[in-house]
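The values are calculated or read from the model by the stated rules, or taken from the named source; none is laboratory data. From a predicted model like this one, the values you see are computed outputs, not experimental measurements. Cβ placement follows ideal geometry from the backbone for every residue including glycine, while neighbour counts extend to all protein chains displayed.
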Amino acid sequence: MTRDFVEDELSKNSVFKSEHYLSIDYVPDRLPHRDEELRTLAQSFKSLISSPGRTSRKFIIEGSVGTGKTAVTKKFTEQLIQAADRRGIRLHKIHINCRVNKSVYLVFLRILREFKPNFPRRGHSPEEVLQMIVEVLDHEDRFLLLILDELDYFIRNKGVDIIYDLTRLMDDRLNAPQRVSMIGIGRSIPLTDDLFDSSTLSTLQRNVLRFEKYSAVALADILRERIKMAFEKGAVLTDTVDVICDIAAERGDARYAIELLWRAGKQADHEQNEVVIPDYVRRAKADTHPELINEVFTTLPLHHKLLLLATARRLKEARAAYVTMGEVEDEYHPVCEEYKTEPRAHTQVWEWVQDLTAHDILDTKRSSTGQRGQTTLIGLSEIPADKLEQFIQDLLIQGGK
Ligand SMILES: Nc1ncnc2c1ncn2[C@@H]1O[C@H](COP(=O)(O)OP(=O)(O)O)[C@@H](O)[C@H]1O
Ligand SMILES: [Mg+2]
C-alpha cells in the first residue's frame, strides 16, 4: 500500500505556534526602539486633535528599507484616530501605497472613493477630484490625514505634482478650516529648490524625520518579541538569533531579519528538527537575496514578472552584466509562450523596462556608440540573475500564473 503522505504531513510537528506573526503586513503592538519617533509624530500632530481645523501638517519620513517606517506610521495613525474618536472629532486616515496607485489622478480618486465609494473613473482632472475631496470633507465636517507611502518611487516616475497640489490646497485655505494633513514616506524624498517654492520647501525641510538603520542589538529585541508570538517555547536558539542579527544589521533591515527567521523556521520543519539552529539561517541566507524581500515584487503585474524572468534568463545565459533591449525582447517572447500569454508590443515593453528601472530592480544605460550602435543596455541592479530567475518562477507558480 502507498504511504499516506497527507496523514504523514499532518502528524508532523512544527516549530511555529502562529506563523502569521511573521508575515510582512503584520504590525505588532509593540515597536521596540521606535519610541522617540512615535513621540515626535505625536507632538507634531497633536494639534489636529487639540485644535481641529486650525492648522494642517506636512511631514516627511525617510529611511532605508525595513527601518519600520510603514509599521511606525500605521501604529501612530491608529493611536491618533482613536484619540480623535474619543473626542468626537471626525478624523479619517488613508494609507496609500503610491507604488500601486500609478498616477496623481488615481491617488486622488482612491481618496475620494473612501468617502464616495461608487464614484466613477472618468472625465475628471486630478485638480477636480481634489476639489471634490475638499467639498466632501467640508460638507461632512471631516478631517483627513493622508499617508503617502513609497512616495519616492512615485516622485521619480511622475514628479512632485502630487505634493505640490496637496500643499497648495492646504495653503490656499487661509480663512477656512484646514482639513487635510499629510505624511510622505520614502527612502529619500528629493527636497530641492528646483522642485518646490521656497515656503513649501522650508515647511517640508523642518518636518523631516529620519529613521536610522537598526543595530544588531535593536534587531535582536525586535526578533525576541516576534519569537515569543510566533514560535513554540524554546524552539529558537539564542545563537540563531545572533546569527540573524549579524547578517541583517549590515542593512539595518528588520524585514530581512524577520524573513530570515521565518525561513530558518521553515527549514527546521522541513528537517523535522524541533529547534531552529544557526545553520538554517545560513542556508536561508544563501537561498534568498535581501532585495527579493522587497514588497515591490508581490505587487508586480504579470507581464512585468515575465519581462524580469526574460531578463534574468538572458543575463544568466550571457554571463554578462548587461544585455541589450533587443536580446531581452527575444527572450520575452518564448517566456510569454511558456506562460501561455500574448507578448505585448515593443513600446509597451519599453515602458515596463522604465517602470522596473524606477523601482531599482533593473539597471539601464545607453550603450556607447560604435560598439553595438546606440541601444539600451539592461542589467540587474543588485540581485544575482539565477536567484531572480528562481524567485520569479516561484512567484508565477504561487500566483497561479
Ligand atoms: N521597531 C520594530 N519593532 C517590531 N517590528 C518592526 C519594527 N520595525 C520594523 N518592524 C517590522 O519589520 C518589517 C519591516 O518594517 P516596515 O515598517 O515595513 O519597514 P519600511 O516601511 O521602513 O520598509 C515589518 O514586518 C515590521 O512589522
Ligand atoms: Mg514601507
Reported set for the range 275-303 where residues are within 16 Å of ligand 1 (Cβ to nearest atom), closer than 18 Å to V243 by Cα and either among the polar types (S, T, N, Q) or free of Cβ contacts under 8 Å to residues at least 24 places away in the same chain (or both) is T288
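Restrict the check to the range 30-49 and report whether at least one residue is within 23 Å of E232 (Cβ to Cβ) and touching a residue at least 24 places away in the same chain (Cβ under 8 Å).
We begin by selecting, within the range 30-49, every residue within 23 Å of E232 (Cβ to Cβ); these are 30, 32.
Next cut, touching a residue at least 24 places away in the same chain (Cβ under 8 Å) only: 30, 32.
Within the range 30-49, one or more residues are within 23 Å of E232 (Cβ to Cβ) and touching a residue at least 24 places away in the same chain (Cβ under 8 Å).
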Picking from P32, P52, the residue that is within 21 Å of the chain's Cα centre (by Cα) and either closer than 25 Å to F211 by Cα or crowded, with 17+ Cβ neighbours inside 10 Å (or both) would be P32
- Task: For R173, state whether it is more than 20 Å from H95 (Cβ to Cβ) and assigned to a loop (DSSP other than H, G, I, E, B).
- Result: yes
Would a scan of the range 187-196 turn up a residue that is in contact with an Asp or Glu (Cβ under 8 Å, 6 or more places away or on another chain), touching a residue at least 40 places away in the same chain (Cβ under 8 Å) and either away from ligand 2 (no atom under 16 Å from the Cβ) or of a type outside the set (K, R) (or both)? yes
Pairs returned, first residue in the range 203-226 that is within 16 Å of T70 (Cβ to Cβ), second residue that is in a helix (DSSP H, G or I) and within 16 Å of ligand 2 (Cβ to nearest atom), beta-carbon separation under 6 angstrom, 6 or more apart or interchain, are F211/K69; Y214/A254; I222/A254
(1) assigned to a helix (DSSP H, G or I); (2) in the same structural domain as L41 (by TED's automatic domain parsing); (3) within 16 Å of ligand 1 (Cβ to nearest atom) all hold for I185 apart from (1)
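From the list L209, L169, which residue is under 30 Å from T357 (Cβ atoms) and not charged (D, E, K, R)? Break it down into steps so the answer makes sense when it comes.
Working: L169 fails: under 30 Å from T357 (Cβ atoms).
Step by step, each of L209, L169 is checked, and only L209 is under 30 Å from T357 (Cβ atoms) and not charged (D, E, K, R).
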- Message: Tell me whether the range 243-259 contains one or more residues that are in contact (Cβ under 8 Å) with a residue 12 or more places away in the chain, within 23 Å of Q393 (Cα to Cα) and acidic (D, E).
- Response: yes
Considering the range 172-192, residues that are touching a Ser or Thr at 6+ places or on another chain (Cβ under 7 Å) and buried (at least 18 other Cβ atoms within 10 Å of the Cβ), and then whichever is farthest from A358 (Cα to Cα), we arrive at Q178
query = In this structure, is A385 more than 23 Å from K102 (Cα to Cα) and at pLDDT below 90?
reply = no
Scanning the range 298-317 residue by residue, the ones that are within 16 Å of D363 (Cα to Cα) and of a type outside the set (V, I, T) total 11
Within the range 342-382, the residues that are closer than 22 Å to R187 by Cβ, at pLDDT 85 or above and in a loop (DSSP other than H, G, I, E, B) are I361
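Within the range 59-83, restricting attention to residues that are of a type in the set (K, R) and surrounded by fewer than 21 Cβ atoms within 10 Å (Cβ to Cβ), which residue is nearest to ligand 2 (Cβ to nearest atom)? Write out each step before concluding.
Of all residues in the range 59-83, those of a type in the set (K, R) come to 69, 74-75.
If we keep only those that are surrounded by fewer than 21 Cβ atoms within 10 Å (Cβ to Cβ) as well, we get 74-75.
Details: K74: 9, K75: 13 Å.
Looking at residues that are of a type in the set (K, R) and surrounded by fewer than 21 Cβ atoms within 10 Å (Cβ to Cβ), I get K74.
Please tell me if E7 is at pLDDT below 90 and either within 13 Å of ligand 1 (Cβ to nearest atom) or not in a loop (DSSP other than H, G, I, E, B) (or both).
Working: at pLDDT below 90: yes; either within 13 Å of ligand 1 (Cβ to nearest atom) or not in a loop (DSSP other than H, G, I, E, B) (or both): yes.
So E7 fits the description; yes.
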Of (1) more than 21 Å from the chain's Cα centre (by Cα); (2) surrounded by 12 or more Cβ atoms within 10 Å (Cβ to Cβ); (3) in a loop (DSSP other than H, G, I, E, B); (4) not small (G, A, S), T200 satisfies every one except (3)
Cβ pairs under 7 Å, 6+ apart or interchain, first in the range 321-335 and free of Cβ contacts under 8 Å to residues at least 12 places away in the same chain, second basic (K, R), ordered by first then second residue, are none
Counting only residues that are β-branched (V, I, T) and not in a helix (DSSP H, G or I), the range 136-170 contains a total of 2
| message | Looking at the range 274-293, can you tell me whether even one residue there is surrounded by 18 or more Cβ atoms within 10 Å (Cβ to Cβ), among the hydroxyl-bearing types (S, T, Y) and within 16 Å of ligand 2 (Cβ to nearest atom)? | response | no
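I'm checking my understanding of the structure. Among residues of the range 248-274 that are more than 22 Å from V296 (Cα to Cα) and touching a helix residue (DSSP H, G or I) at 6+ places or on another chain (Cβ under 7 Å), which one is nearest to ligand 1 (Cβ to nearest atom)? Break it down stepwise before answering.
Here is the first cut: in the range 248-274, the residues more than 22 Å from V296 (Cα to Cα) are 264-274.
Retained after the next criterion (residues that are touching a helix residue (DSSP H, G or I) at 6+ places or on another chain (Cβ under 7 Å)): 264, 267-268.
Details: A264: 16, Q267: 20, A268: 21 Å.
By that ranking, first place goes to A264.
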Residue pairs qualifying under the 7 Å Cβ cut-off, at least six apart or on distinct chains, with the first in the range 60-89 being farther than 15 Å from L148 by Cα and the second being of a type in the set (S, T, Y) and more than 10 Å from ligand 2 (Cβ to nearest atom), are G66/Y256; T67/Y214
Condition set in a loop (DSSP other than H, G, I, E, B), over 21 Å from F115 (Cβ atoms) and in contact with a helix residue (DSSP H, G or I) (Cβ under 8 Å, 6 or more places away or on another chain), scope the range 41-86, selection farthest from ligand 1 (Cβ to nearest atom): answer is R54
